[in-house]
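A short worksheet on the structure shown next.
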Amino acid sequence: MTFGDTDIFPRAFEYTAIQHDGAAVLGTLARTDVSVWNTRPHRTCLVPKGRYGFRVATQLDPLDFLVYTALVYEVGHDLEARRSPIADRRVFSFRFAPDHTGRMFNPAIGYSQFQEESKRLSAENGITHVAIADIADF
């Protein structure tokens, strides 16, 4: 596993154990009926967000993460094809674009691009106010 399962938590030690016999683990998961899959306990904690806020962050059990990621991989291209195109510069969340290194998302799209586009739009003539909202606040 090159990239880990989250950009919030440190890499779970279980991934090192899984890598020691990855073929057996993946073989077992491949033979598992995901329609009856029971998730395992997950890790949850509060993570600072901004200056005064926080959000709840969750880290899945490593086996649950592998199953979830495989499911995302299976439907990712279909989901991405139905999203607003990147060229529209309206959606800056993770964009599905798996590559040969194991990366699942387009590294050129993210929060910094959102900030750049927000600055560009706010500099247009006639813009006098900017409202900020975060879905976590709702």
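Within the range 1-16, work out how many residues are in a loop (DSSP other than H, G, I, E, B) and without any contact (Cβ under 8 Å) to a residue 24 or more places away in the chain.
Residues of the range 1-16 that are in a loop (DSSP other than H, G, I, E, B), as a first pass: 1-13.
Checking which are without any contact (Cβ under 8 Å) to a residue 24 or more places away in the chain leaves us with 4, 7, 10-11, 13.
Matching residues across the range 1-16 total 5.
Picking from PHE96, PHE92, which residue would you name as being of a type in the set (A, V, I, L, M, F, W, C), in contact with a His (Cβ under 9 Å, 6 or more places away or on another chain) and in the same structural domain as ALA133 (by TED's automatic domain parsing)? Don't jump to the end; show me each part of the working.
Values: PHE92 fails: in contact with a His (Cβ under 9 Å, 6 or more places away or on another chain).
Within the list PHE96, PHE92, the selection yields PHE96.
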Notebook entry, point to check: Would it be correct to say that ARG51 is among the charged types (D, E, K, R), surrounded by fewer than 15 Cβ atoms within 10 Å (Cβ to Cβ), without any contact (Cβ under 8 Å) to a residue 40 or more places away in the chain and more than 26 Å from SER35 (Cα to Cα)?
Noted result: yes
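Per-residue answers, yes or no, for (1) under 30 Å from LEU66 (Cβ atoms); (2) part of a helix (DSSP H, G or I):
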| position | (1), (2) |
| --- | --- |
| ALA87 | no, yes |
| ARG103 | yes, no |
| GLN113 | yes, yes |
| GLU117 | no, yes |
| ILE127 | no, no |
| VAL130 | no, no |
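Please go through the range 37-63 and pick out each residue that is among the aromatic types (Phe, Trp, Tyr) and touching a strand residue (DSSP E or B) at 6+ places or on another chain (Cβ under 8 Å).
Pass one, the range 37-63, residues among the aromatic types (Phe, Trp, Tyr): 37, 52, 54.
If the condition is that a residue be among the aromatic types (Phe, Trp, Tyr) and touching a strand residue (DSSP E or B) at 6+ places or on another chain (Cβ under 8 Å), then PHE54 is the only one that fits.
In the range 26-58, how many are in contact with a helix residue (DSSP H, G or I) (Cβ under 8 Å, 6 or more places away or on another chain) and within 17 Å of GLY4 (Cα to Cα)? Give the steps one after another, and end with the answer.
To start, the set of residues in the range 26-58 that are in contact with a helix residue (DSSP H, G or I) (Cβ under 8 Å, 6 or more places away or on another chain) comprises 26, 29, 32, 34, 37, 39-40, 42, 49, 53, 55.
Now narrow it down to the ones that are within 17 Å of GLY4 (Cα to Cα): 26, 42.
Here the count works out to 2.
Is it true that PHE92 is under 25 Å from ILE135 (Cβ atoms), touching a residue at least 12 places away in the same chain (Cβ under 8 Å), surrounded by 11 or more Cβ atoms within 10 Å (Cβ to Cβ) and touching a Cys at 6+ places or on another chain (Cβ under 9 Å)? Full working, then the answer.
Working: under 25 Å from ILE135 (Cβ atoms): yes; touching a residue at least 12 places away in the same chain (Cβ under 8 Å): yes; surrounded by 11 or more Cβ atoms within 10 Å (Cβ to Cβ): yes; touching a Cys at 6+ places or on another chain (Cβ under 9 Å): no.
So PHE92 fails the test.
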Within the range 17-57, the count of residues that are over 25 Å from PHE94 (Cβ atoms), part of a helix (DSSP H, G or I) and of a type outside the set (A, V, I, L, M, F, W, C) comes to 4
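Could we say that ILE135 is without any contact (Cβ under 8 Å) to a residue 24 or more places away in the chain, surrounded by fewer than 10 Cβ atoms within 10 Å (Cβ to Cβ) and under 24 Å from LEU46 (Cα atoms) here? Before the answer, list the steps.
Details: without any contact (Cβ under 8 Å) to a residue 24 or more places away in the chain: yes; surrounded by fewer than 10 Cβ atoms within 10 Å (Cβ to Cβ): yes; under 24 Å from LEU46 (Cα atoms): yes.
For ILE135, the condition - without any contact (Cβ under 8 Å) to a residue 24 or more places away in the chain, surrounded by fewer than 10 Cβ atoms within 10 Å (Cβ to Cβ) and under 24 Å from LEU46 (Cα atoms) - is met.
The values are calculated or read from the model by the stated rules, or taken from the named source; none is laboratory data. Computed from a predicted structure; not experimentally measured. Cβ atoms come from the backbone with ideal geometry, glycine included; neighbour counts cover every protein chain shown.
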